[in-house]
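So the structure is just underneath, and the comments pick up after that.
The values are calculated or read from the model by the stated rules, or taken from the named source; none is laboratory data. Computed from a predicted structure; not experimentally measured. Using ideal geometry, Cβ is built from the backbone for each residue, glycine included, and neighbour counts are taken over all protein chains shown. Accessible surface is based on the protein model in full, side chains and every heavy atom, while ligands, DNA and RNA are left aside. Shrake-Rupley method; radii C 1.70, N 1.55, O 1.52, S 1.80 Å.
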Amino acid sequence: MALLLLLTAHFIWLCSGHQGAPDLPGRIAVVGAGVGGSAVTYFLQQQFGPQVQIDVFEADRVGGRLATLTVNNQQYESGSLSIHSLNLHMQDFVKLLGLRHRREVAGKSAIYSGDQLVLEETDWYLLNLFRLWWHYGISFLRLQMWVEEVMEKFMRVYKYQAHEYAFSSIEELLRSLGGEHFVNMTQKSVAESLLGIGVSQRFIDDVIGAVMRASYGQTVAIPALVGAMSLAGAQGNMWAVEGGNKLVCSGLLKLTKANVIHARVTAVSLHKSGKRPLYEVRYDQDGTLGSEYYDLVIVATPLHKGGYPISFLNFQPPIQEPTAPYHRVVSSIVHGYLNSSYFGFTDPKLFPFSSILSTDSPDSFFHGLENLCPVNISVGFRRKPPHEAAVWRVLSSRPLDRRELKTIFKSYYSVQVIEWQAFPSYGATGSSRSLPPIVLHDGLYYLSGVELAAASVEMSAVAAKNVALLAFNRWFELTEKIDQPDLLHKLKTEL
Ligand SMILES: Cc1cc2nc3c(=O)[nH]c(=O)nc-3n(C[C@H](O)[C@H](O)[C@H](O)COP(=O)(O)OP(=O)(O)OC[C@H]3O[C@@H](n4cnc5c(N)ncnc54)[C@H](O)[C@@H]3O)c2cc1C
Ligand SMILES: *[C@@H]1O[C@H](CO)[C@@H](O)[C@H](O)[C@H]1NC(C)=O
Ligand SMILES: *[C@@H]1O[C@H](CO)[C@@H](O)[C@H](O)[C@H]1NC(C)=O
Ligand SMILES: *[C@@H]1O[C@H](CO)[C@@H](O)[C@H](O)[C@H]1NC(C)=O
């Protein structure tokens, strides 16, 4: 590994045609140690080589929205649960770090409408079942084809990135993957897109609505691109990291030997402009204020009103802080006995489901309910059935009160509540929602704006690779590697 990095640096040195030391950035700052920040740290080191010092600022916990909590001496995922198997960067990280996929434990899903189960799964994954075909006919097939097409186009990004092509805006990235149509998919709602290809309104209300609620806590008004990605997740092939998804973040930071500074960044100030500007990063470390200077700064946390504010000072023209509102998702981790009668099963022994999605009806006060497996699964592990005390995760838009908890659970030992600023509020469609910029200034990049196109663990990793390539290509003025049109054909003929 080290040898490879040295070779990369050597190659740069040769290409830049310099005598003596190559003109590398001296120091790089990364704000945020979630999967976006950890991944960009790793990719930046791959590009620039190990001699560049990378400082990573983290206000809370390494991992960010990849997090665990402890119930009865076992850890459970409290943020992002699972990752799609087509997510190649996450797959690579797991291999690179010597981590493993957590063993799969079978379980079934159902959709609950507030007074009855509208759809029960007969097989492992919700959208793979014969029952769906039976109920909804051609709608189901059309949906499958639509999701497949979107994913196939999305997968092109890995090829572009393997050839070190970068994009200076989210729109350019999307355009190169799926043309203008892909860019439009961030504006049009998933409902509108599906109606357009002949999926029935009933299917959208019953099934698509429930999947959008369980994955993003929002309605079928969310944009088609993010909708398609969460539907790909509902089709199965999901996995998680043995020991906890957050191990990817701590592992990448350790591997790169990044300097992790536990402090909250308050401002990024332009200290010196010119061809090679210098940025001052100001931070608050347990009440003590400090500042450091950097050639490159990557903001790897969403900028929104519910987060830690970061001011951008001395920029001309001023940098407009992207302040898309974020959507609160409350995660309640309950250790107790499910009230299966609430779902129509008076005998809990007969309740066959490990996850319940709820449709958007006035009666449903939760988005989804899931029987959690611990992050470490021993060989003899089995899922706890509802007549035994189990650990459940309930997602809702506001904290559940005692009465609501007593409705879904017969009794419980403990409830731990985490409030997440989870995803962008994708809001009503129709109004033109421009996507935030990636390049805020010559050497100042914003990674997390990609969430406005689609928020997921892998999107953060894809954006991280893009920002690392973009920063590198811009630093060495490799303009032919930025925003190249018609990459798909170019790469076909090159190979
Ligand atoms: C309940 C829930 C369920 C989810 N389920 C899934 C799922 O099943 N599959 C999936 O793919 N995705 C899921 N997601 C989304 C996924 O977790 C996120 O898209 C992803 O983790 C975002 O990573 P990130 O590094 O970009 O941001 P974050 O993880 O938010 O990391 C940003 C980091 O920056 C730090 N920070 C913020 N401001 C500052 C500052 N001023 N100074 C220093 N540090 C700062 C924060 O403390 C944080 O650690 C889920 C999210 C939630 C909340
Ligand atoms: C994208 O949207 C614009 C404006 O809404 C429309 O004119 C254009 O035809 C759309 N393009 C595609 C390929 O869908
Ligand atoms: C859980 O799994 C991780 C990763 O494989 C491992 O490092 C850790 O020791 C395990 N913990 C327990 C309690 O088995
Ligand atoms: C369980 O659900 C049933 C049916 O909705 C309800 O009557 C009862 O009050 C709930 N709570 C308990 C603790 O059984």
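Among the trypsin sites (Lys or Arg not before Pro) within segment 248-339, which fall in a DSSP loop and have no more than 12 other Cβ atoms within 10 Å of their own Cβ?
LYS257, LYS275, LYS305
Any idea how far the Cα center of segment 455-495 sits from the one of segment 48-111, in Å?
If we compute the Cα centre of each part, the gap is 24 Å.
Sorted by average packing, counted as other Cβ atoms within 10 angstrom per residue and highest first, what order do 138-150, 394-406 take?
138-150, 394-406
Let me have the 222 nm mean residue ellipticity of the chain computed from DSSP H runs of 4+ only, each contributing -39500 (n - 2.57), with the sum over all residues rounded to the nearest 500.
Helix-only estimate at 222 nm: -9500 deg cm²/dmol.
How much of the accessible area of the chain, in percent, comes from carbon and sulfur atoms when a 1.4 Å probe is used?
Solvent-exposed carbon and sulfur of the chain make up 53 percent of the total.
Provide TRP420, TRP392 ordered by accessible surface of protein heavy atoms (probe 1.4 Å), highest first.
Accessible-area ranking of TRP420, TRP392, largest first: TRP420, TRP392.
Can you list which of the DSSP-assigned H helices in the chain have a Cα extent of 18 Å or more along the long axis and an average Kyte-Doolittle score of at least 0.5?
Membrane-span-like by this rule: 2-15, 457-475.
On a straight-distance basis, which lysines could pair with LYS188 in a cross-link, Cα separation under 21 angstrom, same-chain partners fewer than 8 positions away excluded?
LYS153
With every protein chain left in place and a probe of 1.4 Å, what is the accessible surface of SER341, to the nearest 10 Å²?
Its heavy atoms expose roughly 60 Å² to the probe.
Return the long-range amide H neighbours of TYR112 (sequence gap of 5 or more, or a different chain), with a cut-off of under 5 Å between placed amide H atoms.
Under 5 Å from the amide H of TYR112 lie the amide H atoms of VAL118, LEU357, SER358, THR359, each far enough along the sequence or on another chain.
In whole angstrom, note down how far apart the Cα centers of segment 164-181 and segment 336-372 are.
Distance between centres, Cα-based: 41 Å.
Given a 1.4 angstrom probe, what's the average accessible area per residue across the chain, in square angstrom?
Accessible surface, normalised per residue, equals 43 Å².
At each listed q (0.07, 0.09 Å⁻¹), what is the log10 of I(q)/I(0) that the Debye formula gives for the chain modelled as equal alpha-carbon point scatterers?
With no solvent term, the Cα-only Debye profile gives -0.39, -0.64.
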